[in-house]
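Report on the structure given below.
The values are calculated or read from the model by the stated rules, or taken from the named source; none is laboratory data. On a predicted model such as this, the values are computed, not experimentally measured, just so you know. When we count neighbours, we look across all protein chains shown, and the Cβ atoms used for this are built from the backbone with ideal geometry, even at glycine.
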Amino acid sequence: MTVRAGGYRLVNNSGRLYYPNSTQHKGMTLRVSQPQRGVKVQRNDPCPCGSGKKYKRCCGSSSTQERPKTHPQKPKIRLKTEADILGIRRAGQLVLDTLDMVESRLAPGLTTDEINTWVHEFTLKHNAIPAPLNYRGFPKSVCTSVNEVICHGIPGPRVLKEGDILNVDVTSILSGYYADANKTYFIGSPGSSAQKIVAVARQSLKEGLTMVKPGNTVGDIGWAIQAYAESQGCSVVRDFVGHGIGFDFHEPPQVPHFGQRGDGVYLVPGMVFTIEPMINLGGHELVILEDQWTAVTKDGSLSAQFEQTILVTDEGWESLTPYPL
Ligand code: MF3
Ligand code: CO
Ligand code: CO
């Protein structure tokens, strides 16, 4: 039986989700449902991880100690304990404080290298490490991506000017834990295309978040983002994705911001990953500059992004880098 045809999920006659590898369907009438935005997995339901155990005896155990240490469908995904979550939340607060510090100083006439100096010094002053510095050869402590730069802009002599949009992407390591978040800011007053792409990028992250709950999949997140962004005439970057995070900068799973309902692993409590849709005003194609890092839109159109580090909870999700969207 195909349980994921077209990204649909089978549900039993009580309206609960049916998961592959469980025996829950025997003797039940099954019908097909959309991924659910609101309904919670119940404690006696089969665990969405596919273990065949009851949710309450598996990923839904009220004690994080009793939960599996890794995702039963994909053991390379390490689930986070209560102590890990505290550590990532603390790193996340520092990331937010760093973004606020930068925002308060932004003005036309600054260079992106000045922002790098602020982030570097602020991070060290708070006993943390800027994760980008020397990461796979990245030469600076923060990513600064202006206008047509999609992501991984290297701080340098570029001078910010009135009407630019600027994404500042901060990742800090505090007591061994990583948190990652970014925002796109206006420099001075934005024109109408800048306003549009930033609004669509912000709402794209919100759309993705509506899908985050145990029993939905990674593909549901990407599907919701893509459906929304394309409905606004914008495009979703394919070449960079969200990622597991916490013990390391980039962990499994990958979290594409496009795709099919029902694809990818089931979300279970204790997963921590980023959602960070990069949205272009024109086409999704990109070019990497000679510095081997800076990704720009192929057609030169504006690109914007918002990123948060998200914990899957029993209820749905909690941002470990929470800021209003
Ligand atoms: N912070 C980026 C992300 O959201 C990754 C930057 S990698 C770097 O995943 F090397 F450019 F810093
Ligand atoms: Co990230
Ligand atoms: Co980031």
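Side notes on the structure shown:
- Scanning the range 298-315 for residues that are within 20 Å of R37 (Cα to Cα) and either within 15 Å of ligand 2 (Cβ to nearest atom) or among the basic types (K, R) (or both) yields Q308, T309, I310, L311.
- Tally of residues being more than 26 Å from V312 (Cα to Cα) and surrounded by fewer than 20 Cβ atoms within 10 Å (Cβ to Cβ) across the range 167-220: 10
- Residue that is under 20 Å from P190 (Cα atoms), of a type in the set (D, E) and not in a strand (DSSP E or B), where the choices are E114, E162: E162
- Test: residue in the range 66-74 that is within 26 Å of the chain's Cα centre (by Cα), among the β-branched types (V, I, T) and more than 20 Å from H243 (Cα to Cα): no
- Cβ separations smaller than 7 Å between residues 6+ apart or across chains give the following pairs from the range 153-170 residues that are within 15 Å of S303 (Cβ to Cβ) to residues that are modelled with pLDDT of 95 or more and among the acidic types (D, E): D169/E307.
- Of the residues making up the range 221-236, those that are surrounded by 21 or more Cβ atoms within 10 Å (Cβ to Cβ) and either part of a loop (DSSP other than H, G, I, E, B) or of a type outside the set (F, W, Y) (or both) number 9.
- Filter pass, A201 being touching a residue at least 60 places away in the same chain (Cβ under 8 Å), in a helix (DSSP H, G or I) and touching a Ser or Thr at 6+ places or on another chain (Cβ under 8 Å): yes
- Boolean, I275 is within 16 Å of ligand 1 (Cβ to nearest atom), more than 23 Å from F138 (Cβ to Cβ) and β-branched (V, I, T): no
- Taking the conditions (1) within 12 Å of ligand 1 (Cβ to nearest atom); (2) outside any helix (DSSP H, G or I); (3) buried (at least 23 other Cβ atoms within 10 Å of the Cβ) in turn, V119 satisfies each one other than (2).
- Residue list for the range 241-250, filter: of a type outside the set (G, A, S) and either crowded, with 19+ Cβ neighbours inside 10 Å or touching an Asp or Glu at 6+ places or on another chain (Cβ under 8 Å) (or both): V241, H243, I245, F247, F249
- Only listed residue being at pLDDT 95 or above, hydrophobic (A, V, I, L, M, F, W, C) and within 16 Å of ligand 3 (Cβ to nearest atom), chosen from M278, M271, M211: M278
- Number of the exception - E318 against (1) at pLDDT 95 or above; (2) more than 15 Å from ligand 2 (Cβ to nearest atom); (3) touching an Asp or Glu at 6+ places or on another chain (Cβ under 9 Å); (4) within 27 Å of Q42 (Cβ to Cβ): (3)
- Screening F249, F258, F240 for residues that are under 24 Å from Q195 (Cα atoms), at pLDDT 95 or above and touching a helix residue (DSSP H, G or I) at 6+ places or on another chain (Cβ under 7 Å) leaves exactly one candidate, F258.
- Selection count, the range 307-325, where residues are out of contact with any strand residue (DSSP E or B) (no Cβ under 6 Å at 6 or more places or on another chain) and either outside any loop (DSSP other than H, G, I, E, B) or touching a residue at least 40 places away in the same chain (Cβ under 8 Å) (or both): 8
- Every pair of residues 6+ apart whose Cβ atoms lie under 8 Å, when the first sits in the range 55-73 and is outside any strand (DSSP E or B) while the second is of a type in the set (F, W, Y): Q73/Y266
- Taking the listed residues S175, S192, the one that is more than 16 Å from ligand 3 (Cβ to nearest atom) and without any contact (Cβ under 8 Å) to a residue 12 or more places away in the chain is S192, with no other qualifying.
- Looking only at the range 204-217, residues that are in contact with an Asp or Glu (Cβ under 7 Å, 6 or more places away or on another chain) and part of a helix (DSSP H, G or I) come to 0 in all.
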